[in-house]
1. Kindly evaluate Tyr93 against the criterion of being surrounded by 15 or more Cβ atoms within 10 Å (Cβ to Cβ) and modelled with pLDDT of 95 or more.
2. Do we have any residue at all in region 135-146 that's in a helix (DSSP H, G or I), closer than 20 Å to Lys87 by Cβ and in the same structural domain as Gly92 (by TED's automatic domain parsing)?
3. Counting just the residues of region 168-181 that are within 30 Å of Gly92 (Cα to Cα), surrounded by 15 or more Cβ atoms within 10 Å (Cβ to Cβ) and among the hydrophobic types (A, V, I, L, M, F, W, C), which one comes out farthest from the chain's Cα centre (by Cα)?
4. Working only within region 153-167, note down all residues that are more than 20 Å from Ile82 (Cβ to Cβ) and crowded, with 17+ Cβ neighbours inside 10 Å.
5. Could you check how many residues of region 103-152 are surrounded by fewer than 11 Cβ atoms within 10 Å (Cβ to Cβ) and of a type in the set (Phe, Trp, Tyr)?
6. Scan region 182-201 for residues that are outside any helix (DSSP H, G or I) and crowded, with 17+ Cβ neighbours inside 10 Å and jot them down.
7. Output the qualifying pairs, or none if there are none: Cβ atoms under 7 angstrom, residues six or more apart or on different chains, first residue in region 119-130 and modelled with pLDDT under 65, second residue surrounded by 14 or more Cβ atoms within 10 Å (Cβ to Cβ).
8. Testing Pro116 on (1) without any contact (Cβ under 8 Å) to a residue 12 or more places away in the chain; (2) farther than 25 Å from Cys91 by Cβ; (3) not aromatic (Phe, Trp, Tyr), one condition comes back false. Which one is that?
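The values are calculated or read from the model by the stated rules, or taken from the named source; none is laboratory data. None of these values were measured; they are calculated from a predicted model. For neighbour counting, all protein chains shown are included, and Cβ atoms are generated from backbone atoms with ideal geometry for every residue, glycine included.
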Amino acid sequence: MAKAVTATKKSSAKSIKNPVAAKAKASPVAKKKPAVASKPAGKKGTVVAKKKTPVKTAAKVLPKKTVKKSAVKAGTKKSAAIPRRYKCRLCGYVYSPLRGEPHNGIPAGTAFDDLPDTYVCPVCGYQGKGKIGKWGFEEWRPTRYLCSMCSYVYDEKRGEPHRGIKAVTKFEDLPDDYVCPVCAQDPKIRVQFGKVFKQGFEPINL
């Protein structure tokens, strides 16, 4: 009986002394699982990072489109602006901001409202008709336009009835596909320069 008791004590002592060994034998299955699970986790992380890259490029493209639209709107506003011209009631002299009066110290681009209070008509002064100031001018718009290619004159009072354009039709109201009637009939101009549209006309008496 004493031998049997000592044998059981030794076996229990061995199991107490090596608790780590006992855990190590039971853990191989547990260690393999995280090792296997870590590989697909890493692959999934790389796939998610690749999906984020096209989202960043799409965000960069959006502001470029908005800039183009604003640019278009600003261009239309500028093209729609028409300079205001003023005509002397006494002699018929026309002041145009496009031309100005550089010989009198007034640079081109100066609006009539920005002229000094001491401004006088340059023509009436030379003709001896007195000093006609800004009060002697009234707003005026051109009614005759000159083709820069063949010097054909479009007169609003006359119009072009033979082409379906009634008299007193403003140049601004002409259709967008309007072309110079003289240049359109000249084959040399059509071949070398093409059709002369409204952009090829300039107002007489700027």
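1. On the way: surrounded by 15 or more Cβ atoms within 10 Å (Cβ to Cβ): yes; modelled with pLDDT of 95 or more: no.
Judged against the criteria, Tyr93 is not a match.
2. We begin by selecting, within region 135-146, every residue in a helix (DSSP H, G or I); these are 135-136.
With the extra rule that they be closer than 20 Å to Lys87 by Cβ, the set shrinks to 135-136.
Okay, now just the ones that are also in the same structural domain as Gly92 (by TED's automatic domain parsing), so 135-136.
Yes, region 135-146 contains at least one residue that is in a helix (DSSP H, G or I), closer than 20 Å to Lys87 by Cβ and in the same structural domain as Gly92 (by TED's automatic domain parsing).
3. Looking at the filtered set, the residue picked out is Cys180.
4. Scanning region 153-167 gives Gly159, Ile165.
5. Number of matching residues: 2.
6. Residues satisfying the conditions are Val196, Phe201.
7. What qualifies is Gln127/Cys91.
8. Tallying (1) without any contact (Cβ under 8 Å) to a residue 12 or more places away in the chain; (2) farther than 25 Å from Cys91 by Cβ; (3) not aromatic (Phe, Trp, Tyr), Pro116 fails exactly one: (2).
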